[in-house]
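> This structure is in structure tokens; I'll ask about it shortly.
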Amino acid sequence: MDDTIFDYEKSICAMLIKYIDKLDFLTDDDKAMSLKIVLLYKNKINGLYRIYDFINSEEKEFIDNDLNLEKHDKDININMNNKTSNISISNFKNILEGSIDILEDILPIGTIIELKSQFIKSLYGDTQFKENPKFIIIRRFLSKEGSLSYFPYAAVLYPTGELNDGNNIYLTSQAIEKIVYKGFSDEKDLAFICVMKSEMIFKKNMKSISFSSEEERLVYINQ
């Protein structure tokens with residue numbers, strides 16, 4: 001009998017190392033620096049999102065403990081623990097996008113969630129619910145042929161469920177306001193998540209729709 005326990009954290013870290021190592025636009029020193037930054041926020045994914053928001057903002061400097069980032073034209077200067085590096089902004093965004101997708105937790109099937117009000121409004125307009133509606137996650141890692149983007153989740157209204165294909169909504173973790181009930185997850189579920197992340201992010205160079213360009217989103221929507 002095989003008593004081997006699947007180590008999700010180890011698998012994710014190994015995938016992250018392989019992902020950064022294959023980025024040919026980075027020097028070995030830049031790869032080492034990028035990996036240190038990402039691992040610094042491995043268990044604080046919101047920290048990586050804050051850096052990503054900074055990259056897309058008009059702000060010129062980001063300081064967080066031992067990490068200092070400065071934007072200059074098309075490049076970003078990185079200083080961490082008195083070691084420095086210079087990477088183009090576009091390449092640094094690429095690093096962050098792949099790293100966030102690899103590190104971000106994926107909720108189990110059956111999880112019940114509440115969504116951010118602005119996302120609900122984008123779906124249903126000014127429709128007024130008597131209370132904040134709940135949704136149940138029914139599918140994960142959804143993609144279409146020809147698209148380099150994927151949706152982490154598909155969900156339906158709770159408690160009605162999937163009445164027809166038309167009532168599915170597609171979303172990312174950024175649309176989730178609250179986890180009401182977390183569905184069942186075991187080693188098989190975690191192994192499945194690792195397989196899907198490896199296939200879509202590492203092998204196919206896909207990324208969450210959150211990081212897609214408007215053109216890529218249109219390709220997905222219009223298929």
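> I need the P(r) histogram for the chain: all alpha carbon pairs, bin width 5 Å from 0 out to the longest distance, whole percents.
Using 5 Å bins, I get a P(r) of 1, 6, 13, 16, 18, 15, 13, 9, 6, 3, 1, 0 for the chain.
> Across region 13-130, how large is the tail of the calculated P(r) beyond 25 Å, expressed as a percent of all Cα pairs? Write out the running numbers ahead of the final one.
Working: 2284 of 6903 pairs.
It works out to 33 percent of all Cα pairs.
> In addition: Taking the 0 to 90 degree range and rounding to the nearest ten, how far is the long axis of helix 89-103 tilted relative to the main principal axis of the chain, both from C-alpha atoms?
For 89-103 against the chain, the angle is about 50 degrees.
> Can you divide the C-alpha Rg of region 119-188 by 2.2 N^0.38 Å and report the result to two decimal places?
Values: Rg = 13.4 Å, N = 70, 2.2 N^0.38 = 11.1 Å.
In units of the 2.2 N^0.38 Å rule of thumb, it is 1.21.
> Cross-link list K60/K204; K18/K188; K83/K178; K71/K182: which exceed 30 angstrom alpha carbon to alpha carbon?
Details: K60/K204 33 Å; K18/K188 22 Å; K83/K178 39 Å; K71/K182 40 Å.
With Cα atoms farther than 30 Å apart: K60/K204; K83/K178; K71/K182.
> What ranking of E61, E215, E114, E145 comes out by heavy-atom accessible area, probe 1.4 Å, highest first? Write out the running numbers ahead of the final one.
Numbers: E61 90, E215 135, E114 25, E145 170 Å².
Most to least solvent-accessible, the answer reads E145, E215, E61, E114.
> What order do V38, V180 take when sorted by accessible area (1.4 Å probe), most exposed first?
Descending accessible area places them as V180, V38.
> Here's a follow-up. Could you state the accessible area per residue of region 20-171 in Å², with a 1.4 Å probe and every protein chain left in place? Provide the component values of the computation, followed by the final result.
Working: 8300 Å² over 152 residues.
Accessible area per residue: 55 Å².
> If you don't mind, another one. Amide H to amide H, which residues 5 or more places from S88 or on other chains are under 5 Å from it, using H placed in the peptide plane?
Close amide H contacts, sequence-distant or interchain: I76.
> Among N56, N43, N81, whose mean-square fluctuation peaks in a Gaussian network model of the chain (Cα, cutoff 10 Å)?
Fluctuation is largest for N81.
> In a Gaussian network model over the chain where Cα atoms closer than 10 Å are linked, find which of Y124, Y19, Y170 has the largest mean-square fluctuation.
Y124
> At most 15 other Cβ atoms within 10 Å and a DSSP loop assignment: could you name the trypsin sites (Lys or Arg not before Pro) in region 49-144 that fit?
Values: sites: R50, K60, K71, K74, K83, K93, K116, K121, K130, K134, R139, R140, K144; in loops: K60, K74, K116, K130, K144.
Sparse-neighbourhood loop trypsin sites (Lys or Arg not before Pro): K60, K74, K116, K130, K144.
The values are calculated or read from the model by the stated rules, or taken from the named source; none is laboratory data. A quick note: this is a predicted structure, and the numbers were derived from the prediction, not measured. Neighbour counts run over all protein chains shown; Cβ positions are idealised from the backbone, glycine included. All accessible areas refer to the heavy atoms of the entire protein, side chains included, with ligands and DNA or RNA removed. Shrake-Rupley method; radii C 1.70, N 1.55, O 1.52, S 1.80 Å.
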